[in-house]
Structures are given as structure tokens and as C-alpha cells.
Amino acid sequence: MALFVYNTLTHQKEEFKPLKDKVVNMYVCGVTPYDEVHLGHARCYVAFDVIRRYLEYSDYTVNYVQNFTDIDDKIIKRAQEVQIDPLALAQKNIEEYFKDINALNIKKAKAYPKVTENIAEIIKIIDNLVNKGYAYAVDGDVYYRVAKFQKYGALSKRDVSQLKSGARVEIDERKEDPLDFALWKKEKPGEPSWPSPWGSGRPGWHIECSAMSLHELKTATLDIHGGGQDLIFPHHENEIAQSEGSTGKLFAKYWLHNGFVTINKEKMSKSLGNFFTLKQIYQKHSPAAVRLFLISQHYRSPIDYSEDKITEAAKGLDKFQNVLENMREMVNQINLDAIGKKFTAAPEICQQMEDKFTAAMDDDFNTAEALAVLFEMTNAINIEMEQKELDLVKLSYMSRTLVRLGQVLGLFAPGSALRTAEDKLKGKNISVPEVERLLARREEYRRQKKWAESDQVRDELLAKGIILEDTAHGTRWKVKE
RNA sequence: GGUGCGGUACCCAAGUGGCUAAGGGAGCAGUCUGCAAAACUGUUAUUCGGCGGUUCAAAUCCGCCCCGCACCUCCA
């Protein structure tokens, strides 16, 4: 089976073939760090993290680059509002970005270029565009000459003449055409600026991605360029115009765009004010549950957020957690190599599950279906554990497959694995030592068969949202979400 | 107005021409358990927004209609 991806550029699913065999150069538009990270951002970066992980699972070397647009109108505006230096504001938000995003178990990019560290590269491209006639300077500003770029509108499927009649484009007398957009903006008093051949100023919004992808990945043509659907027009359309105008080569082979997070079916966005930051959500839910929620639906479809849905995702996570903890108790000590003589091959079901999993993921990263395979595997393991005579080697193979495939989706990875005890108690009015103290007391009651007292302790814990499970190997506890 | 996406059970959500319409949550009944929880078993869509059409065969293709959302302006 081959991997097929939906390419926004061609509006269809295509077989994925990178330029160079087994190497994928991938650039995903990062955030403009003027505010906190919200769930919409998380969806984008989780989606592309899954894509990256699956490509790596499929034996590709992935060069993943994601930028920070750390100087921009919005940063300047916000900085003025809170009376802080724009670059310091951006820096602070970048630090917060990593805190919030890392919790979601997102793999590090190869590089995180910033606009402010790539001014020279940006100027170089603008200069090149001016020399080729794709751009013109007016009064300290530099604009892109959209009419000169024949393919303009191809990505977003827009007709240039329609755009003009749309009348929503701002009229600026100095521009040759209302569609022309700024590559370089003349310095304004009190704003950060850099020297350039056209005078002091700063880069326009779209140029940084053209410059930084070229600079960081050393290739005119990217294999994958990703981002949110809201960036298709004008941002990505403009990037194509800039990059291809400058290099004369195809900018990106595959354009992948993730769908929005919505609330009550409406797009979650800063402008509508209906957004939830990750910090807000983390107060009530674990990042792992947020991640599972985000991948429970295909990355291109809109996903509607609600508290209940994250809670549902948390329950799914519990299901995985339960099976893995039960497994751990049973097969923890098994050395597969030592017992290998008896059971040399992995059971057939492992290969079947893996085949189903890859078939789902090969179809434009269908995580919803892939997830179903993991639940099927979970069920199969549970059934196997019900058997009178346990086949521990088989169980071990099965759980290894579950974990390995789960990790492709970024679930239960080592490190950020499942939820830790402290993580579980987030927002609860009780500490881990306290729980353990009560458990010990209940254990003593149970030993003495004082059921009433024992149940009282259990009820007490339940009232605080803690559920107990008595197993053959002792009592386990978890938190009701 | 232009462009695009979607409407599948109580809820979420896969499936885009042919095996019994995945999977998760919720509910109900049962097994297990000191009792629970977890887990397991059974059960909840003769039907896929509506109406026509094509076909031996359609949730899947075509036409029309109804409804929802997004983009065309900063947004992941």
C-alpha cells in the first residue's frame, strides 16, 4: 500500500512521492506569538505531528521546520497596549508556546526560525523579486506585483478578476493594483525596524515563510507545506507568488491544510472571542486527553469542541491506560528473548492490526480509523487476558504492537506516556500521599473483612472523584473526569 | 454574489459502488467481584438530510431541493 494525501493544490488525493526518495522536507506555518496558544493552534500542530510521525514510521527522514512570526502588526499593537517591547512580548509568548505545546507530546522541529533572525534572507528575496520585476518599491514600502504572477489564485481556486470586484480589498493609491501586498513596510516611529535598500522598515506578513523555508531547508521546492485552512488565502497564495517568482521553481509539491476547531459549529477564533487557551483547558483536562480528542477526527474536517467531548476522550484514554496497566502487571517481567523458543513469531493478530492501521493512515492520515484499530487491539488483549491459561508471550507481543502503533499517533509515548498520578489529581482537592494513606487504611479493613468500614473509605474517595479498582495485585485508583 | 466542505444511531465519528454500515461514549441486561470498579458477553441504524434517476447492486454515482459551516478581511 502506498500513502495517499489530499493536496490542496490539486484538490484531490494523490500518491505521496517526495522529491528525494525517503527524505521529506516539511514546513508548517507557526504562530504569531502575540497571545497565548489556543486549541485551534493545538489542533494544527498535533495534526502535523501525527503526519510527521507517520512519515517517520514509514521510513522517511523528515526535516520538519516551523517558524515564529515574531514581528508583525498584531505583536506591535498588543505590545503597545500592554506597554512592553514588541520583541520581548514575542519572546515571552514563544516560551509559553513551548510549555503548552510540549505537553501535547509534539516532537521537536528541526528548526524554529524567527523573522527577526532572518531579516537578511528576507531582504535578499525581496531584492530578487524587485530585480525580476515581481515587486516594486514605493515611498519606502515594497509591494508584490500580483498581476505579474500568472498562477496567482491557483491554490485557493480564486479568480483574480473576482477578487478585484470583491471590493473588500483595501484601496491604497500608491499600489498599482489593490491585490498587491506588502513585502516590506516602511518604518513607523516607535516600531522595530531594520535597514534595507528601500530604507528602514520591517518585513510584510507573508515574506518570512518564503525566506525561512528556503533558508532552513536549502531547497526551492518543499515536499510538504502545511498550515491551517485559514491560511490558504491569502497567506499561502502569497507565499507561492513570492517563492516561485523568486526561484522560478515549484514552491511546494503537497499543500496540506487542517480544518478548524469550532464551538457550537462556529469557528474558534481570536476575532470572535470564542476561543479556549490550552492553559484553560489543562486546568480541567490532561493534555493527553486533549490530544486524543484532536485525533479522534480526520484532520481536514472541522472538529467541534465541548467539555464533554474532552471528557469522552479522557475515557478512551482510560481504556488504554487500564489495558496497559493490567498488562504491565502480568507481563512486566517477561523476557521475550528467553521464551522466544516456544513462541518465535508474533501472533497473526499483530500483523493484521498493523496492516489495518497502516491502511487507515495511508489514506490521507485517517486517524479516526487508525484509532479504531487501537481500540480493537485493546479489546483483543482484554479478551486474551480473560483466558484461563494466559499466553503471556502472545499478550506481550500484542501489547507491544498496541504501544508501538499508539506512539505513531503520539499516544502513550515514553516520558509523557499516560497520565501520571499528579496529572490525574489536577484540579482535585486531594494529594497523592493522602490518597495512598486512605488506600492503606482501607486495605487493612479489607484484610479484616470489615466491609462497611472499607466501603466507607471508598465512598469518601469517590466523593473526591477518585475511583478504586481492586485487582489481584492490589488496589489501583484513578480519577473520574 | 463567488468558491469550498459537510448532513451516518441517544451523542461523537469512520466508511464514497457489492462481504453482517468500523470504533468510542452513553443506556439497558448478564458474567466476574465481599460489594464495587475494570474487563468480558448480549443489546440500542432493515438504514445513511429529502425526493427522483442510473445500475443486477448505492450511504457511496447523477439531478433537483432543504439545512449547517467555512473562505473571499487579521486568524492554526
Pairs A:Lys279/A:Lys480; A:Lys13/A:Lys319; A:Lys99/A:Lys478; A:Lys107/A:Lys157: which are spaced more than 23 Å apart, C-alpha to C-alpha? A:Lys13/A:Lys319; A:Lys99/A:Lys478; A:Lys107/A:Lys157
Say R0 is 30 Å: what FRET efficiency, to the nearest 0.05, do A:Thr471 and A:Gln283 get from their beta-carbon distance? 0.45
Which of the trypsin sites (Lys or Arg not before Pro) across the range A:432-472 are loop residues per DSSP, with 11 or fewer other Cβ within 10 Å? A:Lys449
What length, rounded to one decimal in nm, is gained on full extension from A:Asn429 through to A:Asn322, with 0.36 nm per residue of separation minus their alpha-carbon distance? 36.2 nm
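So what is the calculated 222 nm ellipticity per residue for chain A, using -39500 (n - 2.57) for each DSSP H run with n of 4 or more, over all residues, to the nearest 500 deg cm²/dmol?
-14000 deg cm²/dmol
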At 0.36 nm per residue, minus the direct Cα-Cα distance, what do A:Asn274 and A:Glu36 gain on full extension? Give it in nm, one decimal, please. 84.3 nm
So for the pair A:Lys124, A:Gln352, with labels modelled 7 Å out along Cα→Cβ, what separation do we get in nm? 5.6 nm
Run the simple label-point estimate for A:Thr311 and A:Gln456 please: 7 Å along Cα→C-beta, distance reported in nm. 3.0 nm
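If you keep only loop residues by DSSP, which trypsin sites (Lys or Arg not before Pro) in the range A:233-322 have at most 13 other Cβ atoms within 10 Å of their Cβ?
On the way: sites: A:Lys249, A:Lys253, A:Lys265, A:Lys267, A:Lys270, A:Lys279, A:Lys284, A:Arg291, A:Arg300, A:Lys309, A:Lys315, A:Lys319; in loops: A:Lys249, A:Lys265, A:Lys270, A:Lys284, A:Arg300.
Those that pass, being in a loop and sparsely packed, are A:Lys249, A:Lys265, A:Lys270.
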Taking all protein chains as present, what is the carbon and sulfur share of the accessible area of the range A:1-61, in % to the nearest whole number, probe 1.4 Å? 48 percent
Theoretical FRET efficiency, 1/(1+(r/R0)^6), r = Cβ-Cβ of A:Glu389 and A:Tyr57, R0 41 Å, to 0.05: 0.75
Under a 1.4 Å probe, what is the accessible area of chain A per residue, stated in Å²? 47 Å²
What FRET efficiency comes out for the pair A:Glu95/A:Lys464, r = Cβ-Cβ distance, R0 = 35 Å, nearest 0.05? 0.55
Using Cα centres only, tell me the gap between the range A:51-128 and the range A:225-263 in whole Å. 16 Å
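The values are calculated or read from the model by the stated rules, or taken from the named source; none is laboratory data. Here the structure is a predicted model, which means the values were calculated and not measured. All Cβ positions, even for glycine, are placed from backbone atoms using ideal geometry, and neighbour counts span all protein chains on display. For the accessible areas, the whole protein counts, side chains as well, though only heavy atoms, and no ligand, DNA or RNA atoms are used. Shrake-Rupley method; radii C 1.70, N 1.55, O 1.52, S 1.80 Å.
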